[in-house]
Structures are given as C-alpha cells and as structure tokens.
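The next block holds one structure in the form of structure tokens; read it before the comments.
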Amino acid sequence: MEFMTAKEAAKQWNISQRRVAILCCENRIDGAEMLGKMWIIPKTATKPDDARSLRFQPLDNIAAKPFVKWAGGKAQILQEIRRLYPLGLGKTITKYAEPFVGGGAVLFDILSKYQLDEVYISDINQELITTYMQIQNNVAELISKLSLMEQKYLLLSDVERKVYYYDKRERFNALKTVANADAEVASLFIFLNRTCFNGLYRVNGKGGFNVPMGSYKNPTICDKNNLTSVSESLRNVRIVCGDYKNSFEFIDRNTFAYFDPPYRPLTSTASFTSYSQDGFDDEKQIELACFIKELSSKGAYVVASNSDPKNINESDNFFDNLYTSLSIARISASRAINSIGEGRGRVSELLISNYSGVRV
Ligand SMILES: C[S@@+](CC[C@H](N)C(=O)[O-])C[C@H]1O[C@@H](n2cnc3c(N)ncnc32)[C@H](O)[C@@H]1O
C-alpha cells in the first residue's frame with residue numbers, strides 16, 4: 001500500500017495538518033498509521049465527510065483517569081484498544097456502554113475524547129459502584145473524608161499504620177449491613193485500594209474484603225484534582241450495579257460496547273476471579289459470547305477482551321471456537337495477575353471485535 005504524509009493529505013483535502021492529525025486520532029481515516037511521531041495515510045484514503053466533527057473534544061479537555069488501581073486494568077493496553085474504536089464514534093455512534101467497568105481505563109479515555117448522547121456503565125461489585133455514584137453525586141464530602149484519612153495515615157509509624165489499616169478494613173466489611181453509609185463506604189473503598197497489597201480487590205466466601213496491607217511509603221489517598229475531574233466526566237453517565245446482561249436494553253445499533261470480563265484463567269494457579277463472590281467460569285464465558293452475538297444481531301459495535309489460552313497450550317481453541325464469526329486480534333501485554341508461572345511477564349491477550357473498518 002502507498003502512503004502519504006499528514007502534510008500531503010492536508011494539502012490534498014484543503015484542511016490544516018493539525019486537523020488531519022486529529023482525524024487520525026479519532027480513528028476516522030481508515031488505514032492511517034503512526035510511524036514514529038508522524039501519521040502516514042494511505043494514498044487511497046478520502047477526506048471524511050464531516051471533517052469538523054462538533055462532538056470531538058481535544059484530548060486535554062478533561063483529564064479524568066481511573067480513581068482506583070484495578071486487577072486487569074486496561075491502562076497499559078489502551079493504545080491497542082483505541083485502535084479498535086469504531087469509525088463514527090461520537091458522530092453516528094452516539095452511545096457507549098461498558099458493562100464490566102472495573103477501574104474504567106477505557107471509559108475515561110472515551111469520555112475525554114468524545115461527546116456522546118448516552119453512556120452506561122455497570123459492575124457486579126456493589127462497593128465499587130457505590131464509589132462511582134458517590135464521586136458522581138457527593139464528591140465534596142468524599143474528598144473531605146479521604147483528605148482526613150490521608151493526613152492521619154501519613155503521620156503514623158509503620159506499626160500504627162498496620163493497626164489503622166486493619167481497623168478500616170474491619171469497619172468497611174461491617175458497613176455491608178449498615179444503611180445510609182454510602183459516603184463512608186466510598187471513602188474506605190478508596191483508602192483500602194490505595195493502601196492494600198497491589199491495589200487488589202479480593203473477597204472471601206462471605207463477601208468480606210480480605211486483602212492484606214501493602215507497603216507503600218507515601219500513597220496518594222486523596223487525589224482531589226482527579227476526583228473532581230472524574231465527578232465532572234461522570235455527570236451524565238448511567239451507573240448500574242448488577243450483571244452485565246442488564247445492559248441489553250441500552251445497547252442498540254448506535255452503541256459502541258466494550259466488554260472486559262474477568263479473564264479466563266490461563267492455569268488453575270493463576271486464577272484471579274474473586275472481584276466478587278461469584279466467579280466467572282467457562283460456562284459464563286460461553287454465555288457472554290452468546291450475549292455478544294445477540295448484540296451483534298442488533299447492529300451494535302462490540303469489542304471484548306480476554307486472555308489467550310494459547311500462551312499455555314497452542315491447541316487450546318476455546319475463544320477461537322467461541323467467536324468464529326468475529327475478528328480476533330492477538331496483542332502483547334505485561335501482566336502481574338492472570339499470567340503465567342510467577343504471575344509476571346509478557347503474555348498475548350485477545351481483542352475480539354464484531355465489525356470491520358478497524359486497524360488491527
Ligand atoms: C477485568 S475487570 C475490568 C477491568 C476494567 N476494564 C479496568 O480497566 O479496570 C472485570 C470486572 O467485571 C466485574 N464483574 C464480574 N462479573 C460480572 C458480571 N456478571 N456482571 C458485571 N460485572 C462483573 C468485576 O467486578 C470486575 O470489576
């Protein structure tokens with residue numbers, strides 16, 4: 001394929017070079033590639049219809065980023081996922097859904113780039129969703145609680161910090177049965193996430209959070225600026241606690257939906273599926289694939305991620321067989337959880353999509 005530079009495209013299309021770069025970032029020029037620091041564009045590419053999409057917001061407009069560390073977080077493979085954002089997102093595609101939202105790395109990326117008419121997020125983790133809702137509706141009280149905890153915690157000795165951490169963990173678990181405690185639940189959720197081991201969220205058989213204390217010297221417990229930006233960006237987002245299947249009504253032919261379920265474990269020892277009391281076994285992976293097929297029939301634009309069983313067993317075709325009619329891209333990621341052996345290293349992961357016109 002022959003390529004031209006952004007400068008050449010700008011001249012040919014009679015728009016600025018900066019505008020061409022923005023269109024490339026928006027994924028609206030099919031086949032455009034980043035080569036070093038410059039864009040190269042297929043010579044056959046044509047100028048998109050509406051070169052000045054009113055919906056596009058520059059990257060630096062809202063700087064919200066995930067407010068928790070989350071196992072399976074997508075920050076480090078965001079660049080690869082971005083390449084799959086469908087053409088027309090923020091234009092003809094006016095809705096976004098992320099039914100397994102977790103820390104929301106993709107959500108916040110999309111919210112900072114596109115103006116959408118409707119956005120839907122959900123997760124089965126009740127305390128995580130309470131925290132999203134508190135950030136949306138009660139951020140000032142949340143910041144004040146977190147700021148107090150941060151001031152106290154950072155002044156404590158190691159021994160005192162340990163007592164403080166386990167005290168807060170016990171209180172957090174006790175709050176499950178207390179009504180009207182959402183602000184406290186949210187502040188403890190963020191405190192524990194920032195100070196526990198590796199930012200994990202793991203529960204025991206009774207649903208109690210049981211992650212031990214981490215060893216951060218100077219953790220940021222109250223990131224006031226980011227919480228304020230997150231609150232702003234969530235203003236019109238529909239936040240739901242529950243199963244991903246509840247998103248069925250919302251998702252239609254104008255929706256881009258990103259599914260990031262708990263990954264299928266590569267080995268029995270590498271299993272990490274305890275974000276909640278209910279695991280996510282092969283039967284659930286199959287149900288999810290059926291759900292995605294139903295959404296495809298509605299005309300929705302769907303991307304899903306998962307682990308690649310071929311990291312361990314080249315002949316394991318679990319997902320290839322499950323998503324035969326969809327496109328499967330294999331990308332490389334560095335993972336601390338859900339990976340092989342020691343639980344660290346580079347592994348292949350799957351990005352599954354149900355539409356063409358993407359640049360994989
Ligand atoms: C891999 S994580 C998502 C990570 C997220 N993309 C990020 O960047 O942080 C999977 C999430 O799915 C949630 N989950 C598990 N089972 C679910 C279900 N049946 N419906 C909705 N959410 C579920 C978990 O609580 C967890 O937050």
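Here are some notes:
- Residue 229 meets each of the listed conditions (1) assigned to a loop (DSSP other than H, G, I, E, B); (2) not assigned by TED's automatic domain parsing to the domain that holds residue 114 apart from (1).
- Residue selected from the range 115-139 under the condition closer than 15 Å to residue 244 by Cα and of a type outside the set (A, V, I, L, M), by the criterion farthest from the ligand (Cβ to nearest atom): 120
- Checklist (1) more than 16 Å from the ligand (Cβ to nearest atom); (2) among the acidic types (Asp, Glu); (3) exposed (fewer than 13 other Cβ atoms within 10 Å of the Cβ) applied to residue 232, failing item: (3)
- The C-beta contact set for the range 250-262 (first residue part of a strand (DSSP E or B), second residue among the β-branched types (Val, Ile, Thr) and within 9 Å of the ligand (Cβ to nearest atom), distance under 6 angstrom, 6+ apart or interchain) comprises 258/106.
- Residue check for residue 77: within 22 Å of residue 349 (Cβ to Cβ) and within 13 Å of the ligand (Cβ to nearest atom): yes
- Residues being among the hydrophobic types (A, V, I, L, M, F, W, C) and under 28 Å from residue 47 (Cα atoms) - total across the range 88-106: 3
- A count restricted to the range 115-143 and to residues that are at pLDDT 95 or above and farther than 30 Å from residue 279 by Cβ stands at 10.
Residues checked against (1) more than 13 Å from the ligand (Cβ to nearest atom); (2) modelled with pLDDT of 95 or more; (3) surrounded by fewer than 18 Cβ atoms within 10 Å (Cβ to Cβ):
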residue: 251; (1), (2), (3): yes, yes, no
residue: 256; (1), (2), (3): yes, yes, no
residue: 260; (1), (2), (3): no, yes, no
residue: 276; (1), (2), (3): no, no, no
residue: 292; (1), (2), (3): yes, yes, no
residue: 303; (1), (2), (3): no, yes, no
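- Wholly within the range 1-85, strands (runs of 3 or more DSSP E) carrying at least 3 residues that are at pLDDT below 90: 33-35, 38-42
- Residue in the range 124-176 that is farthest from residue 199 (Cα to Cα), counting only those that are free of Cβ contacts under 8 Å to residues at least 24 places away in the same chain and among the polar types (S, T, N, Q): 137
The values are calculated or read from the model by the stated rules, or taken from the named source; none is laboratory data. Being a predicted model, the structure only gives us computed values, none of them experimental. Because the Cβ atoms are built from the backbone with ideal geometry, glycine has one as well, and the counts that use them run over all protein chains shown.
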